[in-house]
Amino acid sequence: EQMMRRMAAQRALPESRQSQYYQTHPDSAQRLAVYQDHARQDGNKSAPLSTNDTNLMNRLIAKLRAYSEPAYSILRQTAKTDSADAIYSHAIAQYRRGDLAAAITLMDQLCAANPNDPFYHEFRGDILLSMAKADAAAAAYETALRFRPDSPQILVNLGRALIATNDKKRLSRAIEAISAAQRTEPKWAFIRRQLAIAYGRNGDIAAADLALAEEAILLGDDQQAVRMAKRVLADGRLKDDLRNRANDILFRFGKLAP
């Protein structure tokens with residue numbers, strides 16, 4: 001719980017100071033509340049975890065520690081350990097300190113040894129995207145999706161990678177992936193921003209503006225939502241679905257705008 005509190009606290013920080021984990025995962029404050037509610041209801045009555053669930057829990061703990069504790073501390077702790085969790089933690093620490101070459105070498109090793117592991121392929125994609133290797137990153141995320149097809153994190157990051165290829169032919173797949181992520185995590189504002197970028201790059205400005213309006217609602221900025229909805233309605237060639245959604249925003253929040 002302490003690590004989850006540390007992640008949730010990043011919501012108050014400027015985006016430049018938020019961790020990569022926080023920026024690309026749904027609201028940690030919301031997840032902390034769910035965890036606390038579950039703990040209050042169940043207490044110590046939970047059934048023992050299976051071996052597989054125990055392994056996944058140990059990996060999650062290693063991942064959260066690697067993102068939340070100082071990188072030098074993680075590197076020191078994992079330097080002489082060759083377990084998969086230690087290598088994973090080491091890769092995350094190298095990634096955080098900017099040694100992307102070291103991080104990708106470690107993740108290549110883990111992916112080769114565990115070709116069906118979506119989490120390893122996903123993080124490998126994260127590193128490749130940070131290395132400005134968008135095509136390779138997109139391929140890594142597509143591989144991860146074969147094993148976790150409904151993961152909103154993988155879907156939205158696939159969309160980001162496809163956008164970063166600067167290939168207009170890949171924007172339809174980017175929009176498809178990000179839209180699928182949105183259906184799973186409808187309250188995650190980050191997804192709306194990425195969807196707006198994809199629509200904008202594809203020349204669909206009205207859809208981009210609507211996504212920004214919906215992002216503003218999720219962020220509590222009703223006036224910005226109204227401004228963007230009005231921009232949507234200014235398009236004379238608007239599709240009925242977009243017009244209806246923009247009008248709904250004006251109906252709900254228009255009186256709050258100056």
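The values are calculated or read from the model by the stated rules, or taken from the named source; none is laboratory data. The model shown is predicted, which means the values in this text are computed figures rather than measured ones. Reconstructed Cβ throughout: ideal geometry from the backbone, glycine too, with neighbour counts over all protein chains shown.
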What tally of residues in the range 99-130 results from selecting those that are under 24 Å from N166 (Cβ atoms) and loosely packed, with under 15 Cβ neighbours inside 10 Å? 1
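Condition first: among the small types (G, A, S) and modelled with pLDDT under 95. Now tell me which residues in the range 235-258 satisfy that.
Filtering the range 235-258 for residues among the small types (G, A, S) gives 236, 246, 254, 257.
Once the filter is applied, which keeps residues that are among the small types (G, A, S) and modelled with pLDDT under 95, the range 235-258 yields G236, G254, A257.
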What number of residues within the range 178-205 satisfy the criterion of being buried (at least 17 other Cβ atoms within 10 Å of the Cβ) and in contact (Cβ under 8 Å) with a residue 40 or more places away in the chain? 3
Just one of (1) under 19 Å from the mean Cα position of the chain (by Cα); (2) closer than 20 Å to L158 by Cβ trips up L110, so point out which. (1)
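Suppose we filter T143, T81 for residues that are hydroxyl-bearing (S, T, Y), modelled with pLDDT under 95 and either under 15 Å from G159 (Cα atoms) or not in a helix (DSSP H, G or I) (or both); which single one remains?
The match here is T81.
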Of those in the range 151-177 that are closer than 19 Å to K133 by Cα and in contact (Cβ under 8 Å) with a residue 60 or more places away in the chain, the residue nearest to the chain's Cα centre (by Cα) is Q153
